[in-house]
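Only one structure is covered here, and it is reproduced in the block below.
The values are calculated or read from the model by the stated rules, or taken from the named source; none is laboratory data. None of these values were measured; they are calculated from a predicted model. Note that we place each Cβ from the backbone using ideal geometry, even for glycine, and neighbour counts take in every protein chain shown. The accessibility values were calculated without ligands, DNA or RNA, using every heavy atom of the protein model including side chains. Shrake-Rupley method; radii C 1.70, N 1.55, O 1.52, S 1.80 Å.
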Amino acid sequence: MLRLPQFGVALPSNVDAVVALLRDNPGARIVAGGTDILPNLKHRLDEPGMLISLAQVSELRSIAKLAHEGREVVEIGAGNTLTRVSEDPLVRELFPSLATAAGLVASPLIRNMGTLGGNVNLDTRCRYVNQTKFWREALGGGCLKSEGNVCFVVPGGRNCVAAMSSDCVPVLISLGAEIVLAGPEGQRVVPAAKYFKADGLRHTVRDDAELTTKLRVPVPTTPRRSAYAKWTVRKSIDFPLVSVALRFDLKSDSVDAPVTELVVVAGVLGAKPRVIAKLDDVIGKPLSDPALSRIVCAAVGKQCKPLENVPYEAPYRRRMFEVFTRRAIAELVAAG
Ligand SMILES: Cc1cc2nc3c(=O)[nH]c(=O)nc-3n(C[C@H](O)[C@H](O)[C@H](O)COP(=O)(O)OP(=O)(O)OC[C@H]3O[C@@H](n4cnc5c(N)ncnc54)[C@H](O)[C@@H]3O)c2cc1C
Ligand code: SF4
């Protein structure tokens, strides 16, 4: 049985109190649903003196559509469970790919505990680090992200390339979401596309004294089709091994209408999600045009270079990025 290390627990009841606790207790960590941080503590990947629980911070649990700076947005509190996000009527209607991604995380029990804020701030994962300390010691003392000073994925590498493995993050980036943070200096807003860094040890721009309070997602202003594709070996429980979010804005409400804008984002590569570039040739083509699928899949296959940081061979996963992208587009077209 793996035991937790000893730590104190604080139970603040509002965001200001969370920020004050974070400021006054360097090294303290936030715990929301605990489905990521508690296993990591059991694996001795961190030993904080204090956990600051969000369990009583009810202001983090609203979902509301409102006007913000001249546009309509939906603000989703970071404390909402993934179950709620996946079932919320507003999210399902306006952001079906987000509802899909939230509903594909882990298992029903974990989605009942796990929150959207925890999913966005989920630690990076690697087959060499998400193991017991005993397991890591058997490798000779861990790696850059644990007790050691080597990388087993990139021998000789000085940079951790553990994988950003959140299901919701690629979707939030594809939807142009913003991440709202509260900290000692007040509130700041970071586009989801700029929230992540290519450093598996510290892969977000969030300061230790800040918490994510909400996700702000712009309401579509044109007809849209969006999808999230995930490959796992088992149908439940597993983290994604391939993860692609797609968003196509259309000139009119038909898959035969020209695409006016598109965003494709892949996860589970390195620490930073990859926004697929060079898709300009797709603009103006109908979503139902087979050439569109060929261009997008070729770009995904070329630009997604998986590493051996999670299970399954990298060349196979690379091929699967293309396959799952093609299937996702085919399903959107078939749905009309
Ligand atoms: C068996 C298993 C399978 C899993 N499968 C998946 C999967 O398929 N896909 C997937 O995406 N995830 C998966 N997870 C990971 C996890 O369950 C989810 O990512 C979940 O959304 C994490 O949310 P949480 O509230 O439990 O986070 P916590 O564990 O409470 O926190 C996670 C991290 O985020 C930080 N944090 C939490 N809330 C905030 C906030 N508001 N502001 C700033 N920082 C915050 C914490 O300090 C911690 O570092 C799995 C976990 C397990 C145990
Ligand atoms: S990518 Fe390298 S340094 Fe990072 S967790 Fe994996 S083995 Fe360790």
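By a straight-distance test (C-alpha under 30 Å), which lysines pair with K65 as possible cross-link partners, with residues fewer than eight away in the same chain excluded?
K194, K197, K214, K230, K251, K272
Before I look further, what does region 224-335 give for accessible area per residue, probe 1.4 Å, in whole square angstrom?
Per residue, region 224-335 has an accessible area of 46 Å².
Where does each of 53-60, 266-273 land if you order them by average Cβ count within 10 Å, highest first?
266-273, 53-60
In whole Hz, what ³J(HN,Hα) sequence does region 322-334 give by Karplus (6.51, -1.76, 1.60; θ = phi - 60°), x for Gly and Pro?
Here the 3J(HN,Hα) series is 5, 4, 6, 5, 4, 5, 5, 5, 4, 5, 4, 5, 5 Hz.
So for the pair S236, D253, with labels modelled 7 Å out along Cα→Cβ, what separation do we get in nm?
Using points 7 Å along Cα→Cβ, the separation is 3.6 nm.
Near S62, within a Cβ-to-Cβ distance under 13 Å, what is the net charge of the other residues, with Lys and Arg +1 and Asp and Glu -1?
+2
Rolling a 1.4 Å sphere over the protein heavy atoms, what is the accessible area per residue of region 154-198, to the nearest Å²?
That works out to 37 Å² for each residue.
With the full set of protein chains in place, find how many percent of the accessible area of region 7-149 is carbon and sulfur; take the probe as 1.4 Å.
Of the solvent-accessible surface of region 7-149, carbon and sulfur hold 52 percent.
Carbon and sulfur together cover what percent of the accessible area of region 183-336 at a 1.4 Å probe radius?
C and S fraction of accessible area: 52 percent.
Please get the size of the charge dipole for the chain, origin at its Cα centre, with Cβ charges of +1 on Lys and Arg and -1 on Asp and Glu, quoted in debye to the nearest 20.
It comes to approximately 940 debye.
How much net charge surrounds V255 when only the other residues with a Cβ under 10 Å from the Cβ of V255 are counted, with Lys and Arg +1 and Asp and Glu -1?
In short, -2.
Can you tell which of G176, T212, Y128 lies farthest toward the positive end of the dipole of the chain, using +1 and -1 charges on the Cβ of basic and acidic side chains (Lys, Arg; Asp, Glu)?
Y128
Just want to confirm a number: the relative contact order over the chain, from Cα pairs under 8 angstrom separated by 6+ residues, in percent.
Normalised by residue count, the contact order of the chain is 15 percent.
Want the number for A334 to Y316: 0.36 nm per residue separation, take away the alpha-carbon distance, what's left?
3.8 nm is the gain from fully extending A334 to Y316.
Where the centre of each part is set by its Cα atoms, how far does region 118-142 sit from region 1-68, in angstrom?
One Cα centre to the other: 20 Å.
Any idea which of A334, Q303, Y228 is furthest toward the positive side of the dipole for the chain, if Lys and Arg beta-carbons carry +1 and Asp and Glu beta-carbons -1?
Selected residue: Q303.
Once you keep just the Cα pairs under 8 angstrom separated by 6 or more residues, what percentage relative contact order results for region 224-335?
About 25 percent, as a whole number.
To check you understand DSSP bridge types, tell me what percent of the beta bridges within the chain (both residues inside) are antiparallel, rounded to 5.
Expressed as a percentage, antiparallel bridges in the chain total about 90.
Amide H to amide H, which residues 5 or more places from E72 or on other chains are under 5 Å from it, using H placed in the peptide plane?
Amide H to amide H, under 5 Å and 5 or more residues apart or across chains, E72 pairs with V219.
With loop defined by DSSP as not H, G, I, E or B, and exposure as at most 11 other Cβ atoms within 10 Å, which is the longest segment of the chain clear of exposed trypsin sites (Lys or Arg not before Pro)?
In the chain, the maximal stretch lacking such sites is 4-157.
Can you work out the Karplus-derived ³J(HN,Hα) for every residue in region 125-132? Use 6.51 cos²θ - 1.76 cosθ + 1.60 with θ = phi - 60°, whole Hz, and x for glycine or proline.
10, 8, 5, 8, 10, 7, 9, 5
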